[in-house]
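Readers should treat all values here as calculations from the given coordinates under stated rules, not as data from a laboratory. Just so it is clear, the structure is predicted and the values come from calculations on it, not from any experiment. Here the Cβ is made from the backbone with ideal geometry for all residues, glycine too, and neighbour counts use every protein chain on show.
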Amino acid sequence: MNETRHRVLDALSDGPVSGPALAEDLGISRSAVWKHVEALREAGFTIASDDAGYSLAEVPEFGGLAVEYGLDAPFDIEYHDSIPSTNARARDLAAEGASDVVVLANEQTGGRGRLDRDWVSPSGGIWLSILFRPDVPMAHAPVYTLAAAVAATRAAREAGVEATIKWPNDVLVSVTSAGTSSAGDDDVLVGGEERKLVGILTEMEGEADRVSWVVVGIGVNANVDPDSLPSEANPTSLQAVRGEAVDRRLFTQRLVETFDTLRQTPESVLDEWREYATTLGKRVRVETPKGVVEGEAVDVEFPGRLVVETDDGRQTVSAGDCEHLRPV
Ligand code: BTN
């Protein structure tokens, strides 16, 4: 959002304020004030006007300006009602030299998941990609994927959904047969009751010693019907678990703000990740590019390696598909 529009919005939220007073405060013409007010109305803001002047009555449920309004993180939001893939768009922006942009969409028509899978992204979700340029070696970049999982988990918990993280970056909810969440009950955490709420796909470019850009793509099944998502992924949604729609604007703001804090202190990510992890202490089977590793997941190491106690000793795993097994 441009700077003046931000200031108009701030003044309206403290309103009522008259057009002439606003024009004088901001050093712009009255017709420019009127144009900003109209643009905000077109973006879905309800702006009341009476004898006392203009005042902000309602912020839209979702959208770029809505998310930027009150956002406490230095990102521009580029919003699309519908787009093939926010990650693809963020990669294009990276190629143009952009940074600190969140590409946000209500719907994706060609969403991509890990392992080149499709990611079904109907209207009502929160599909976003965060583009930034950290000054770190490429080997450290996986920590940002874990940071995204922490940020999404915290936002879900603030929305009343007891999400947990499965290594490396799936955000899950354990759901009872009645459909309610039940984090902490080990009996239901295994055996197909963990449902996927959020998926994360990180892409990056750079030289070995320095990242050029990172795009962290986060797909949140927010206000979507899990029956409209592929059943193989065992999906659920915030709306299904809560029994009512989530405020996508607030959720997105919390997610982006937490991610912003964590990206500045990568060394703090693992402790937060451990706090939310459901994988640690469980028996796991990880399919890695080098073969299968099976044993008890005992810890996570910077920048995101899983430490597994196997029959042949400790092994660390950098990447792979992780399955939680029933205790023996
Ligand atoms: C996974 O397979 O679990 C990762 C899914 C990542 C989906 C998100 S939605 C926003 C961003 N845009 C994409 O095309 N993919 C990611």
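Things worth noting here:
- Backbone N within segment 303-328 under 15 Å of label point (7 Å from Thr288 Cα along the Cβ vector): 303-323
- Non-local lysine pairs in the chain, meaning eight or more places apart or on different chains, with alpha-carbon distances under 25 Å, amount to 5.
- Extended-chain gain in nm, criterion 0.36 nm per residue less alpha-carbon gap, Thr4 and Ala245: 83.5 nm
- For segment 193-328: rounded, prolate or oblate by the Cα gyration tensor [a/c cutoff 1.5]: oblate
- Neighbour-limited loop hits for trypsin sites (Lys or Arg not before Pro), segment 197-299 (at most 13 other Cβ within 10 Å; DSSP other than H, G, I, E, B): Lys290
- Distance between segment 211-284 and segment 1-60 - C-alpha centres, whole angstrom: 34 Å
- Calculated FRET efficiency, Arg274 to Arg326, Cβ-Cβ distance, R0 = 35 Å: about 0.95 to the nearest 0.05.
- Multiplying the residue separation of Ala57 and Asp14 by 0.36 nm and subtracting their alpha-carbon distance yields 14.4 nm.
- Additional length obtainable on full extension of the chain from Leu26 to Asp135, 0.36 nm per residue less Cα span: 35.6 nm
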